[in-house]
1. Residue 232: part of a helix (DSSP H, G or I), closer than 30 Å to residue 315 by Cβ and aromatic (Phe, Trp, Tyr), yes or no?
2. Report, by residue number, each residue of the stretch 150-167 that is assigned to a helix (DSSP H, G or I), among the acidic types (Asp, Glu) and in contact with a Lys or Arg (Cβ under 8 Å, 6 or more places away or on another chain).
3. In this structure, is residue 206 assigned to a helix (DSSP H, G or I), farther than 23 Å from residue 25 by Cα, over 23 Å from the mean Cα position of the chain (by Cα) and not hydrophobic (A, V, I, L, M, F, W, C)?
4. Among the residues of the stretch 284-297, how many are assigned to a helix (DSSP H, G or I) and over 11 Å from the mean Cα position of the chain (by Cα)?
5. Restricting to the stretch 266-307, name every residue that is of a type in the set (A, V, I, L, M, F, W, C) and surrounded by 14 or more Cβ atoms within 10 Å (Cβ to Cβ).
6. How many of the residues in the stretch 36-75 are basic (Lys, Arg) and in contact with a strand residue (DSSP E or B) (Cβ under 7 Å, 6 or more places away or on another chain)?
7. Suppose we keep only residues that are assigned to a loop (DSSP other than H, G, I, E, B) and either under 13 Å from residue 43 (Cα atoms) or touching a Leu at 6+ places or on another chain (Cβ under 9 Å) (or both) within the stretch 98-108. Which one would you say is modelled with the lowest pLDDT?
8. So residue 184 passes all but one of these: (1) assigned by TED's automatic domain parsing to the domain that holds residue 208; (2) surrounded by fewer than 16 Cβ atoms within 10 Å (Cβ to Cβ); (3) at pLDDT 95 or above. Which condition number does it fail?
Amino acid sequence: MAEINNNDFDLAINRQNILNNDIAINSLKEKYGFKKDYFTNQEVANFFDVTLRTIERTIADNRDELKHNGFTTLRGQKLNNFINQDYDNFATDINVGRKITNLSVSTVRTVLNFAMLLKTSEKAREMRSTILDIVVSVLQEKTKGNVKYINQRDTSFIEQSYREATERKQFTNALNKYVDMNAYKYAFFTDEIYKAIFKEKAKEYKELLQLNSKDSVRDTLYSEVLILIASFEAGLAYEIEKESNKLDRQLTREEAEQILHDFAEHPARKPLIDDARTKMSTRDYGLRSVYHENISEYINPMNRSDFEKFLGEKSKSLQEQIDENIDIFKRLQDK
C-alpha cells in the first residue's frame, strides 16, 4: 500500500479513525474494564500516573478534539448521578463535593483519546500499543487479512455493482457505435472518467491498491463510487449518441473528449464528485492505509457509521451476501 504522510494533520485523522471505530472501542472497554460513563480529571490523571496539571494542560492544548470525543461538563441530574456512583472502579481519593453545580469529565472515548495524546505517561504508551493491536486485530478478523475487497462487505455493494455493469455495457455500446476510434477507445475513455472523478488513471489506482493485472478495479470500489461511475457512463452514452445523431456521423476522439469534459464540469456533478472523492480517499486511508495524493484534500476521519458498515455485525463478506441472495442471482442469470 502507499506510504502515508506523518504530519500533524494525518496523526489527528489517525486518532479519530481509531476513536470512531466502535467495534475496536468496545474491545478496549472490555480489555481495560471500563464500567463507568464518566471520569474526573483527577481520575484520568491517576489512571495515567501523571499530575492533574498535565491533564489540564493537555485539555487546554486539545480541547476541540477532546470535546469531540466526549469531554463534557455535567450539570443537574447527570452530575448528581455521577457523584452518587461507586468510584472503586477507577481511582481513589476522589472528592468532588456535594455543592458543586458543574463538573468537567471524560467519557471512555475521551480517556482513550488522552492515551494517544499524553507523551510522558508510561501507561499511555502501553495503551497506545494495545489500542493499535486491537484495531489491527479487528480489521484482520473481519477481512481475513485482505483489505483489498473490504468494500464488498457493504451490503449494498452487489446491487450497485450490478447497476454499474449494466450502465457500463450501454457506455461501451455507445463508444462502439458512435465514436470513430480503434479498440483502444474503451480503455482510453475509462481512464478519462477516472481522471475526471479521481484525478488518477485506472492503472495508477491499481498500483496504489497493489492490484495485479487480472484484478478488476471495479471490484474494489465502494458502492457510492460505483453509483457515480454508473451515472457518468449512462450520461455520456446518452450525450455521445445524441451528438452523433445530430452530426449524422461518428464522433472523433476530440469531440467525444469534449463531451466528457463538459459533462464532468457541469455544476450539477460537482457535489456528487466531491462526495465520491471524499468517500474513496477517506475510506481507503482509514481501512486500506492507501493515500490518494491527488485528492488528499478530501481525506477526513471515517465516521462511526462507516466502521459499522464495513466491520460491524451487519457487514458481511461477498460470499455470505451471495449465499443469502442466491435465488435473486439465479433469476438475473436466467434473464
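The values are calculated or read from the model by the stated rules, or taken from the named source; none is laboratory data. As the structure is a computational prediction, the values presented were derived from the model and not from experiment. No Cβ is skipped: glycine too gets one built from the backbone with ideal geometry, and neighbour counts run over all protein chains shown.
1. Judged against the criteria, residue 232 is a match.
2. The one that is assigned to a helix (DSSP H, G or I), among the acidic types (Asp, Glu) and in contact with a Lys or Arg (Cβ under 8 Å, 6 or more places away or on another chain): 164.
3. So residue 206 fails the test.
4. Of the residues in the stretch 284-297, 5 are assigned to a helix (DSSP H, G or I) and over 11 Å from the mean Cα position of the chain (by Cα).
5. The answer is 272, 273, 276, 280, 287, 290, 295, 299, 302, 307.
6. The number of residues fulfilling the criteria is 1.
7. Looking at residues that are assigned to a loop (DSSP other than H, G, I, E, B) and either under 13 Å from residue 43 (Cα atoms) or touching a Leu at 6+ places or on another chain (Cβ under 9 Å) (or both), I get 100.
8. Single failed check for residue 184: (3).
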